[in-house]
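Data first, discussion second: the structure below is written as structure tokens.
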Amino acid sequence: MLLDVAKALESTGAKIQVVRAPVNVDGRDALLTVELDGRVIEFAVEERRHNPYLTDVSKLAESGRRRKGRRHLLLVCPYISSAVGDALIGAGWSWADSSGDFDLKAPGLRLRQRLAVQRPPRRQRELPGGAGSTAILRWMLSKLPVGERIDPAKVIEVGGVSQPRVSQLMRALASLGLLTHEGRVYTLAAIEPLLDAFLRDYRGPGGSERLAYTLDPPNQFAMKAAGVLSGALAHDAFAFSADVGPDLLSSWRNPTHTIVYVRQSIALKDLGLVEAKGRDDANVLIRMPADESLFSTVTHFASGQTKVPLVDPPQMMWDLLDLGGEDRQEAVGRLREWFIQHR
């Protein structure tokens, strides 16, 4: 990423030099020097592999205050949205991403460029794929305590895979720095890196999707639909996701859409829905997923006499990003923070 950033900055006519710190010296990963119009300005670089959310900015602002009086601060990530970029500048951080966007601010210097109009496509995935692997990752994210020894027998049960496959998966996650291990004993050291890797690499639910429309507000529709579906389908055969699920868990934005996952089809008229012509016209998405592992970590939200089954928060975050919009990216940050605190 740093070389991509340096190349983009050099397009402004500035002379750029990057020196990577041998081991995160003084809270920085590298030192970037900008020489332009006779001025030489040094930035302490913090490099992150995941795209920041608005909720990350307050933590970065506090980090910046602790490092006050030292070099100017530069955050480098794969992609930084306009809203996050503006917030970073307000918090005293310059930023640059590998898409060619940047905003560097220091006394006597302001370099700005915005090329990417939308989130760039996901890069090559690193997390192991397959239904068994995804089920295991969901279990680790939602139910595995941080720091607890991972029981291979439990992993075999969760994923429905062989012991050699479990060993292969553990080694792969450890090689990515997502698990720690001593000999054959593996533990989950922290939840954030695994969550960010899941959001980055998850291949999506697959399967089929029907687009529909309702005049009911999303939360009201979800309550009514949960009652109908509980009478028509098995208790583990349906679950709700964005936008309703995130609103029930950590209300921040008014939901406009409802994603419903089902194991078997149900008539739209039974849910009071009409067919939508396209995604732009739809506010209800009914999905019959190929990835049935998302039903394995369903929880229930009680509202009066109605219990609304919800997919796991990592799936909700992925669905928010899939629905799109900068406000949903911000909602992902809020839900991510809630999930880390409450899982």
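Per-residue extension of 0.36 nm, minus the Cα-Cα distance of residue 62 and residue 154, leaves a gain of 29.1 nm for this segment.
Assign one of three labels to the range 131-201, namely rounded, prolate or oblate, based on the Cα gyration tensor with a ≥ b ≥ c the square roots of its eigenvalues; rounded applies when a/c is under 1.5, prolate when it is not and a/b is larger than b/c, and oblate otherwise. Taking the square roots of the gyration eigenvalues as a ≥ b ≥ c, the range 131-201 is rounded.
The alpha-carbon of residue 154 sits under 18 angstrom from the alpha-carbons of these lysines, leaving out residues fewer than 8 places away in its chain: 143.
Bridge orientation summary for the chain: considering DSSP beta bridges with both residues in this region, about 75 percent are antiparallel. GNM on the chain, alpha-carbon springs under 10 angstrom: the most fluctuating residue among 51, 254, 219 is 254.
Work through the residues other than residue 8 whose Cβ is under 10 Å from its Cβ and net out their charges, Lys, Arg +1 and Asp, Glu -1.
Details: positive: 7; negative: 4, 10, 97, 101.
Here the count lands on -3.
The C-alpha atoms of the chain define a longest principal axis, and helix 191-201 lies at about 80 degrees to it.
Pairing the Cα long axis of helix 54-66 with the longest principal axis of the chain, what angle in degrees results, from 0 to 90 and rounded to the nearest 10? Once rounded, the angle reads 30 degrees. For residue 53, no residue whose modelled amide H falls within less than 5 Å of its own remains once neighbours fewer than 5 places apart on the same chain are excluded.
Remark on residue 30: its backbone amide H falls under 5 Å from those of 21, 45, a criterion applied only to residues 5 or more positions apart or on other chains, H modelled at 1.01 Å from N. Only one item in (i) 5, 22, 28, 23, 15, 6, 1, 0; (ii) 5, 24, 31, 21, 13, 5, 1; (iii) 6, 28, 38, 24, 4, 0 matches P(r) over Cα pairs in 10 Å bins from 0, in percent derived from the coordinates shown, and that item is (i).
Once a ≥ b ≥ c are taken as the square roots of the eigenvalues of the Cα gyration tensor of the range 266-319, is the result rounded (a/c under 1.5), prolate (a/b larger than b/c) or oblate (a/b not larger than b/c)? Intermediate results must be reported in sequence, preceding the final value.
Numbers: a/c = 1.97, a/b = 1.32, b/c = 1.49.
In terms of gyration-tensor shape, oblate.
No lab work stands behind these numbers, since they all come straight from the coordinates. The structure displayed is predicted, hence computed values, not measured ones. Methodologically, a virtual Cβ is constructed for each residue, glycine included, from the backbone with ideal geometry; neighbour enumeration extends over all protein chains shown.
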